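The structure under discussion appears below in the form of structure tokens.
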Amino acid sequence: MIVTIDGPAGSGKSTVARKLAAHLQIAYLDTGAMYRAVAYAVLQRGIDLSNTEALLEAARTARLEVDCGPTHTRVRIEGRDVSEAIRTLAVSAATSHVARHEEIRSLLVEHQRRLGDQLGSFISEGRDQGTVVFPRADSKFVLQASLAKRAERRRQEMIADGEEAAIEAVMQNLSDRDEVDSKQWEPLLQSGQAVVIDTTHASIHEVLEQMLRHLGRENLDGGTVSPDRMRPNG
Ligand code: DC
């Protein structure tokens, strides 16, 4: 079974993808972590983000290893686990640059397909999973939420990481990224291929129930998923 979950930052994708994978006992592939890991390698090498050739060289040569389980995706660069280190604001900002290069996208798309072949059944989360990477997925979801809600989730996440930011700045950052990112999943909306779920006012539990219904699965029996509100995470 291949399930794709795409959508903007702060829509709740990561939380829901991880919970759904854990519930179905299949692997969770966080493709954002792969883009982040490449950006991390770029920063480590001190590469200027405007130096396209050097960026491509780093993406080609950085040894990226990805380990997917039902509740996690761990990434290693040059043998070092950077799964936590890739979550900083500096890496997030660099990742947006890195992810704009088609050549880098192609490398990671190929890598994601190889992982998919190895995993067999999995939930893949990102921006282009249902369109570019796994167009033949069994089920495709696009998660959305209002800009204000997504900004608030992101801000809470930053506070939890010890970083402060004005809500206006976070909203501006998200809406800037929306313009670039939304092109990745828009075809799914236009063609009606994806189930669109608005998470603005929904709990994790409600979103998961909705997804399971679409997947033809029974509900979450016995409260395996806590009905807490969406966590401020992807
Ligand atoms: O989901 P995330 O916040 O970890 O994603 C980090 C960045 O990577 C974000 O700028 C969007 C980009 N990305 C992408 O372009 N394609 C993907 N499949 C996943 C993430």
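Just a few scattered comments:
- For the pair Met1 and Glu57 in one chain, pulling the backbone fully straight at 0.36 nm per residue adds 16.7 nm over the alpha carbon distance.
- Using R0 = 41 Å, the C-beta based FRET efficiency linking Arg136 and His97 works out to 0.85.
- In nm, spacing of pseudo-spin labels at Gln193 and Glu206 (7 Å Cα→C-beta vector): 2.9
- Taking 0.36 nm per residue of separation and subtracting the Cα-Cα distance, full extension of the segment from Ala160 to Arg217 would add 17.1 nm.
- Between 0 and 90°, nearest 10: helix 52-61 axis offset from the chain longest Cα axis: 70
- A Förster radius of 30 Å, combined with the Cβ-Cβ distance separating Arg113 from Gln44, puts the computed FRET efficiency at roughly 0.70.
- Per-residue Karplus couplings for the range 27-43, computed as 6.51 cos²θ - 1.76 cosθ + 1.60 with θ equal to phi - 60°, are listed in order as 6, 10, 10, 9, 6, x, 5, 6, 4, 5, 5, 5, 4, 4, 4, 4, 5 Hz, Gly and Pro entered as x.
- Eigenvalues of the alpha-carbon gyration tensor of the chain, scaled by 5 and square-rooted, set the equivalent ellipsoid semi-axes at 27, 21, 17 angstrom, largest first.
- Classification of the range 163-209 by its C-alpha gyration tensor yields an oblate form. The axis ratio a/c (a ≥ b ≥ c) is 1.5 or more, and b/c is at least a/b.
- Relative to the longest principal axis of the Cα atoms of the chain, the long axis of helix 147-160 makes an angle of roughly 70 degrees.
- GNM top mover of Leu29, Leu108, Leu215 - the chain, alpha-carbon springs below 10 Å: Leu215
- Distance between the modelled labels on Asp176 and Ala85, one decimal in nanometres: 2.6 nm (7 Å Cα→Cβ projection).
- Considering only Thr52, Ala145, Ala21, the residue lying farthest towards the positive end of the dipole of the chain is Ala21, judged by Cα position with unit charges set on Cβ.
- Charge tally in the Cβ shell below 12 Å around Ala165, where Lys, Arg are +1 and Asp, Glu are -1, Ala165 excluded: -4
- Over all other residues within a Cβ to Cβ distance under 10 Å of Asp81, the charged ones net out to 0, with Lys and Arg as +1 and Asp and Glu as -1.
- Among Ser11, Ser139, Ser191, residue whose mean-square fluctuation peaks in a GNM of the chain (springs only between Cα atoms under 10 Å): Ser191
Since every read-out is calculated from the coordinates, none of them should be taken as a lab result. No experiment lies behind these values; they were computed from the predicted model shown. Note: ideal-geometry Cβ built from the backbone for every residue, glycine included; neighbour counts use all protein chains shown.
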